[in-house]
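Q: Input: one structure, supplied below.
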6 protein chains.
Amino acid sequence: MKISARNGLKGKVEKVEEGPITANVKIKIEAPTEITAVITKESVKDLNIKVGDDVVAIIKATEVMVGKE
Amino acid sequence: MKISARNGLKGKVEKVEEGPITANVKIKIEAPTEITAVITKESVKDLNIKVGDDVVAIIKATEVMVGKE
Amino acid sequence: MKISARNGLKGKVEKVEEGPITANVKIKIEAPTEITAVITKESVKDLNIKVGDDVVAIIKATEVMVGKE
Amino acid sequence: MKISARNGLKGKVEKVEEGPITANVKIKIEAPTEITAVITKESVKDLNIKVGDDVVAIIKATEVMVGKE
Amino acid sequence: MKISARNGLKGKVEKVEEGPITANVKIKIEAPTEITAVITKESVKDLNIKVGDDVVAIIKATEVMVGKE
Amino acid sequence: MKISARNGLKGKVEKVEEGPITANVKIKIEAPTEITAVITKESVKDLNIKVGDDVVAIIKATEVMVGKE
């Protein structure tokens, strides 16, 4: 099944820490990869984001899902 | 400022596409990196996720923020 | 109060599992319903999504809120 | 590929409205289904959520992904 | 209807900017208010977050819903 | 580092409750502030949201991050 989510980063599970309801999973991403971000146009202007800029893609852990074949 | 978000992936902006309200930003991540996912304990059991597994970290583009020095 | 969130699915609580900070709530949705998804235009093209297609609406549990009269 | 996201609601695309960056997709869900919500323990107490309660599962459209075989 | 979302900040609409699919809404919050954040335990340790600390509650605009009586 | 997230509300930590995986952090916001919401154009029409309206900005606790100098 193909998914609309634009980001699928392949990697290997390094650590799994389980709690009663949620779990914290660490995944090592080796290969270079591409990330797509949809942000407000306003923030592109505010941060003056342009091709070639060095940036950081910031993602809250609760927004990351895990897929496994 | 340090942020509680567990994922900060360094990279270079490859493409910026602006719409009236939102913008689509592509970022090339070169270096190996680590991703933290917080998922339900239930899904760890359901997918039988364990250290060493090959997995995919799946992230919707609207959940990705961009940081710039 | 009316809310901007486009999806409100009526149902009955089947299970409540409480942890120290979060809780897992299962809700049985009986009636047919409609889901609205806002995804990237890019993914509509990539998955060639068109009217009549059989699809799956995928939602991470941490993104679901519960309302009660 | 199996995904950690707990909610996968099968349905048929009813409408696709494309903008420059994002698109609004309406999906008709026919069959009865189950929704999993992860909310704070605090809100379970505050709303006194218990098995058998009539509730509404509330989901912002930007949090819904679409999967297609 | 009561909602499980922990944050409801009362304010007045200052600006509404509509695009084809999404809209950007600015809301002025006058009164002092309280924000609840659910973050990883790991980040509480990492940032050494303790009562009395001066902090910033950071929220992506796409995660904010609007309610109106 | 500047961040694309449009909402940064300054405040003081009032309470920190740690669980095995996640933590619940209460933050008191004193000063008046502005919130930006990106919602569907459809919901702006549906709720007839206009400048001057009294509204509530609704945010799920799992969507709030914390920043600390």
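Q: Could you count how many residues in the range C:1-44 are within 11 Å of chain A (Cβ to nearest Cβ) and either in contact (Cβ under 8 Å) with a residue 60 or more places away in the chain or assigned to a helix (DSSP H, G or I) (or both)?
A: 4
Q: Would you check which residues across the range C:47-65 are among the charged types (D, E, K, R) and either closer than 21 Å to D:Lys2 by Cβ or touching a residue at least 40 places away in the same chain (Cβ under 8 Å) (or both) and list them?
A: Residues satisfying the conditions are C:Asp54, C:Lys60, C:Glu63.
Q: Going through the range E:45-69 one residue at a time, which ones are under 14 Å from A:Thr62 (Cβ atoms) and outside any strand (DSSP E or B)?
A: E:Lys60, E:Glu63
Q: B:Met65 - would you say it is of a type outside the set (Phe, Trp, Tyr) and surrounded by fewer than 22 Cβ atoms within 10 Å (Cβ to Cβ)?
A: No: the conditions fail for B:Met65.
Q: Restricted to the range D:1-55, and to residues that are crowded, with 23+ Cβ neighbours inside 10 Å and among the small types (Gly, Ala, Ser), which residue is nearest to C:Lys26 (Cα to Cα)?
A: So, considering only residues that are crowded, with 23+ Cβ neighbours inside 10 Å and among the small types (Gly, Ala, Ser), the one nearest to C:Lys26 (Cα to Cα) is D:Ala37.
Q: Can you find a residue in the range E:48-55 that is more than 7 Å from every other protein chain (Cβ to nearest Cβ) and on the phi > 0 side of the Ramachandran plot?
A: yes
The numbers here are math on the coordinates, done by the rules we state, and not lab data. Just so it is clear, the structure is predicted and the values come from calculations on it, not from any experiment. Cβ sites come from the backbone with ideal geometry, for glycine too, and all protein chains shown count toward neighbours.
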